[in-house]
Amino acid sequence: MKTRRQFLKSTSLAAAGATLPTTMTSLALPDQVSPLFDISLAEWSLHRSILQKNPDPANPPIDHLDFAKTAKSLGIDGIEYVNAMFFDKAQDTAYLTEMKTRADGEGVNSLIIMVDREGKLGDPDEAARKQTVENHLRWLEAAKFLGCHSIRVNAGSEGTYDEQLKLAADGLRQLSEKGDEFDLNVIVENHGGLSSNGQWLAAVMESVDHPRCGTLPDFGNFTIDRKTNERYDPYQGVTDLMPYAKAVSAKSYDWDTGKGEFVTSDQREGRELDLDFQKLLKIVTAAGYTGYIGVEYEGAKHPELEGIRLTREAMEKARDSLS
């Protein structure tokens, strides 16, 4: 996306070029300006609307099959699926075909399947760890069918700091080797426990040492222990994880619609972080990352569609400023 200044400059040059000889016109036009990053939509942003566990007038029902259409209506052309939305459809070829057809029809890119509820990749029991790897294979197959580049997994484990590091690295290495067979990445989100410790997860990546294995830094998931409210600094955490990032998640909660800035309340059970999107996105872009960054709205103050829009607009504002 061009900034307003870049747009005016290019249109002015184009107008001037129209009066020049044909052989000179190409010399007057600037190169196409690429955005610092593209914006995608994480399906969890719509979990209230799609799952409908409790009827909510603020979030009318949305069918999972309309996810691509919804993203496009919000001005977003990349989508990140959540396996909970179609958990029993991973091997349903007709259903996956419909998902792909709809995404292609909307001109939307299927990027990731975020995988949960398939066991602990760092399970201390070797047989259970191996079974967890096997459980993820159907999602690798589904992601390949849909045209995604990665599946997002969790690095859950038990034991001491060093024991969990070793166990998680083993499970991730096994799954990454499987991912290689599908030409797909296996990426890990900071998602609670030691995985929300940026230093620990970076050390896991170093231990796995596989080109298919990477991270998905999430701006808001740096609470290690909710009971004790132990947190890892989000700016340090994103910095730690960016060298391995193959995707990024711009988590947001609530927004001050008057100022267009991220705000928090003190009532969300210790999960509040006063996130500075400008600062976080600067860390991401300074690391040389130019791929998609996913909107992941998880607030309660705004309806989901509005929260997504506000997050996308904040990201666009920051992107233009950083440009």
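The values are calculated or read from the model by the stated rules, or taken from the named source; none is laboratory data. On a predicted model such as this, the values are computed, not experimentally measured, just so you know. Methodologically, a virtual Cβ is constructed for each residue, glycine included, from the backbone with ideal geometry; neighbour enumeration extends over all protein chains shown. Note: areas computed on protein heavy atoms with side chains; ligands, DNA, RNA excluded. Shrake-Rupley method; radii C 1.70, N 1.55, O 1.52, S 1.80 Å.
Whether any residue in segment 246-269 is of a type outside the set (Gly, Ala, Ser), outside any loop (DSSP other than H, G, I, E, B), modelled with pLDDT of 95 or more and under 22 Å from the mean Cα position of the chain (by Cα) is what I want to check. Yes, segment 246-269 contains a residue that is of a type outside the set (Gly, Ala, Ser), outside any loop (DSSP other than H, G, I, E, B), modelled with pLDDT of 95 or more and under 22 Å from the mean Cα position of the chain (by Cα).
Out of GLU296, GLU230, one residue alone is closer than 21 Å to HIS47 by Cβ, modelled with pLDDT of 90 or more and acidic (Asp, Glu). It is GLU296. Scanning segment 68-96 for residues that are over 17 Å from GLN52 (Cα atoms) and polar (S, T, N, Q) yields SER73, GLN91, THR93. Mind checking which residues of segment 179-204 are outside any loop (DSSP other than H, G, I, E, B) and either open to solvent by 10 Å² or more (accessible area, probe 1.4 Å) or farther than 25 Å from PHE219 by Cα (or both)? Across segment 179-204, the qualifying residues are GLY179, ASP180, GLU181, PHE182, ASN185, GLY193, LEU194, GLN199, ALA202, ALA203.
Hey, does segment 124-139 have a residue that's on the phi > 0 side of the Ramachandran plot, modelled with pLDDT of 95 or more, open to solvent by 10 Å² or more (accessible area, probe 1.4 Å) and basic (Lys, Arg)? No; the residues of segment 124-139 include none that is on the phi > 0 side of the Ramachandran plot, modelled with pLDDT of 95 or more, open to solvent by 10 Å² or more (accessible area, probe 1.4 Å) and basic (Lys, Arg). Just checking, which of GLY107, GLY119 is at pLDDT 95 or above, out of contact with any strand residue (DSSP E or B) (no Cβ under 9 Å at 6 or more places or on another chain), on the phi > 0 side of the Ramachandran plot and open to solvent by less than 50 Å² (accessible area, probe 1.4 Å)? Every option except GLY107 fails the conditions. Checking each residue in segment 70-80 for being touching a residue at least 24 places away in the same chain (Cβ under 8 Å) and open to solvent by 10 Å² or more (accessible area, probe 1.4 Å) picks out THR70, LYS72, LEU74, GLY75, ASP77. Among residues of segment 166-178 that are open to solvent by less than 10 Å² (accessible area, probe 1.4 Å), those with a beta-carbon under 6 Å from a residue that is in a helix (DSSP H, G or I) and not basic (Lys, Arg) at least six positions away or on a different chain give the pairs ALA168/VAL204; ALA169/VAL204; ALA169/SER207; ALA169/VAL208; LEU172/VAL208; LEU175/VAL133; LEU175/HIS136.
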